[in-house]
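To keep things clear, I will list the structure first and then write my remarks on it.
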Amino acid sequence: MEMNRPKHRLSRGCYLVLRWILKLVYPSITVEGAEHLPQEPCIIVGNHAQMHGPVIAELYLPGKRTIWCNAQMMELREVPAYTYQDFWSKKPRYIRWFFKLSSYLIAPLCVLIFRNAHTTAVYHDARVMRTFRDTVKAMQDGSNVVIFPECYEPHNHIVNQFQEHFIDVAKLYCKRTGQAVSFVPMYVAPRAGKVRLGEPVFFCPDAPIGQERSRICNALMDEITRLAMAMPVHKVVPYENRSPKDYVTNLSSEVDAT
């Protein structure tokens, strides 16, 4: 055990230096609507905005928090396949070799960052209950939970459809503590230098869970859209890793499904 401690301290120290450098070079972000955050732990749900959502949540969100992160980003052997498929698989064929190589080069850095940031590992297999238990424990310890649940299916020009099963965390938390959970919508607008938090949506423990998944996800997507549309015109950073020239504005009615 003693031999591992210096390595852990070195890893944590390297991360803190990287975090400090990132905050120096990353554009300043203003958080609006923090008054919507309840005093008790809540679940903050936002648009991913590629990597901007997690970065901004780590650097700028107030209060104690933990951010859901795919477990593959914390495992050295799994980072290359995951990052290539999720970020770069749709790049032009002639340049894909470069991104495949890059996926291996960045793997140690990804593990360093995501193991030391304010994260909870998200599993998509039989270990999913571990994710839920770790999340509930973090909430019991006073942390808000930040989740970016978009998938590749478009909802509108602001946000993609949500994967719905993260709502089940509220059911488990209510069962463990007897307390209801609120979901706070968050619109991430890096091109506008802002994050906006909206009106909470409350989980109803007595309603069927399937009904709650649909109701809460639709309410969150609608509120995130409303927050975006109420802002001055700006380019929306989409979930998909596409060229900035293809970004649409928040006031556009266009939905780019590519």
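Things to note:
- Residue match in segment 29-38 (condition: under 23 Å from Phe132 (Cα atoms), open to solvent by 40 Å² or more (accessible area, probe 1.4 Å) and hydrophobic (A, V, I, L, M, F, W, C)): no
- Taking segment 172-182 as the range and being surrounded by 18 or more Cβ atoms within 10 Å (Cβ to Cβ) and touching a helix residue (DSSP H, G or I) at 6+ places or on another chain (Cβ under 6 Å) as the test, the residues that pass are Tyr173, Val181.
- Just one of (1) in contact with a Lys or Arg (Cβ under 9 Å, 6 or more places away or on another chain); (2) open to solvent by 20 Å² or more (accessible area, probe 1.4 Å); (3) assigned to a helix (DSSP H, G or I); (4) not basic (Lys, Arg) fails for Gly210. It is (1).
- Counted residues, segment 183-204 - those being open to solvent by less than 70 Å² (accessible area, probe 1.4 Å) and farther than 24 Å from Pro232 by Cα: 4
- Once segment 92-108 is narrowed to residues that are touching a helix residue (DSSP H, G or I) at 6+ places or on another chain (Cβ under 8 Å) and of a type in the set (A, V, I, L, M), the residue that is surrounded by the most Cβ atoms within 10 Å (Cβ to Cβ) is Ala107.
- Figure legend. Inter-residue proximity from segment 190-219: first residues closer than 13 Å to Asp168 by Cβ, second residues in a strand (DSSP E or B) and modelled with pLDDT of 95 or more, beta-carbon distance below 6 Å, spacing 6+ or different chains. Indicated pairs: Ile216/Phe183; Ile216/Val201; Cys217/Phe162.
- Residues considered: Thr30, Thr83, Thr66. Of these, the only one that is more than 15 Å from the chain's Cα centre (by Cα), of a type outside the set (Gly, Ala, Ser) and closer than 26 Å to Phe202 by Cα is Thr30.
- When residues in segment 123-156 are screened for being open to solvent by 20 Å² or more (accessible area, probe 1.4 Å) and among the polar types (S, T, N, Q), 2 of them pass.
- Looking across segment 220-248, the residues that are without any contact (Cβ under 8 Å) to a residue 40 or more places away in the chain and either open to solvent by less than 20 Å² (accessible area, probe 1.4 Å) or not in a loop (DSSP other than H, G, I, E, B) (or both) come down to Asp222, Glu223, Arg226, Pro244, Lys245, Asp246.
- Among (1) β-branched (Val, Ile, Thr); (2) modelled with pLDDT under 95; (3) surrounded by 15 or more Cβ atoms within 10 Å (Cβ to Cβ) - the single one Ile56 does not satisfy: (2)
- Restricting segment 73-90 to residues that are out of contact with any strand residue (DSSP E or B) (no Cβ under 9 Å at 6 or more places or on another chain) and in a helix (DSSP H, G or I) leaves a set whose member that is surrounded by the fewest Cβ atoms within 10 Å (Cβ to Cβ) is Gln85.
- Considering residues of segment 199-255 that are farther than 20 Å from Val188 by Cβ and acidic (Asp, Glu) only, the residue modelled with the lowest pLDDT: Asp206
- Test: residue in segment 208-221 that is touching an Asp or Glu at 6+ places or on another chain (Cβ under 8 Å) and either of a type in the set (Lys, Arg) or at positive phi (or both): yes
The values are calculated or read from the model by the stated rules, or taken from the named source; none is laboratory data. None of the values given here were measured: they were computed from a predicted structure. Ideal geometry is used to build each Cβ from the backbone, glycine not excepted, and the neighbour counts take in all protein chains shown. Calculation scope for accessible area: heavy atoms of the full protein, side chains included, ligands and nucleic acids excluded. Shrake-Rupley method; radii C 1.70, N 1.55, O 1.52, S 1.80 Å.
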